[in-house]
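Asker: One structure coming up, written as structure tokens, with questions to follow.
Each reported figure results from applying straightforward, stated rules to the coordinates on display, with no laboratory input. Remember, predicted model here, so these are calculated numbers, not experimental data. Cβ sites come from the backbone with ideal geometry, for glycine too, and all protein chains shown count toward neighbours.
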Amino acid sequence: RDQSTNDNGATNSTTKNAASKSLTRQRSLPGGILLQDILHGLGPTARIGRKVAIHYKGTFPETGKVFDKNQTKSKPLVFRVGTGEVIKGLERGIEGMKVGGERVITIPPKFGYGKAGQPEGGIPKNAKLCFAVTLVSVGGNV
């Protein structure tokens, strides 16, 4: 899908190829984090040190079971990239995204909750995680 802006400044998303769910092929970062862009944004870029706001849905890729989400909440998750406020795989996975972009990030355990897991959040030991992320804003009043 591509984003375009109409005469009123509203953003429109269109599907280029209805048979394809993704805009790009899946690619891998060092350490095994997998990225797949669904929609390229047109706004500012997420970089280390910048404050970002995201909407997300976290699932277990093996089962599709949702363990966390804020896509339906009015307030996005806000954090500064590269400061350890969220799991490392999520930070690394959003680097380079532009505001308005949508990306699926698959995170191996060592960049998620690792050997300990997060029992109070329902995340078992050594769990692979998948996040569907929309970058809402970068910098400014996030």
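Asker: A 19 angstrom limit on the alpha carbon distance is what I want to check against. Which of 65/98; 51/98; 51/75 exceed it? Don't skip to the answer; put the middle values down first.
Answerer: Values: 65/98 27 Å; 51/98 13 Å; 51/75 15 Å.
Correct reply: 65/98.
Asker: Fully extended, how many nm does the chain gain between residue 116 and residue 28 (0.36 nm per residue separation, minus their Cα-Cα distance)?
Answerer: That works out to 29.2 nm of additional length.
Asker: Enumerate by residue number the GluC sites (Glu not before Pro) in segment 54-129 meeting two conditions: DSSP loop (anything except H, G, I, E, B), and at most 15 other Cβ atoms within 10 Å of the site's Cβ.
Answerer: Listed in order of number, the matching sites are 62, 85.
Asker: So the label point goes 7 Å from the Cα of residue 50 along Cα→C-beta, right? Which residues of segment 81-97 then have their backbone N under 11 Å from it?
Answerer: 81, 95-97
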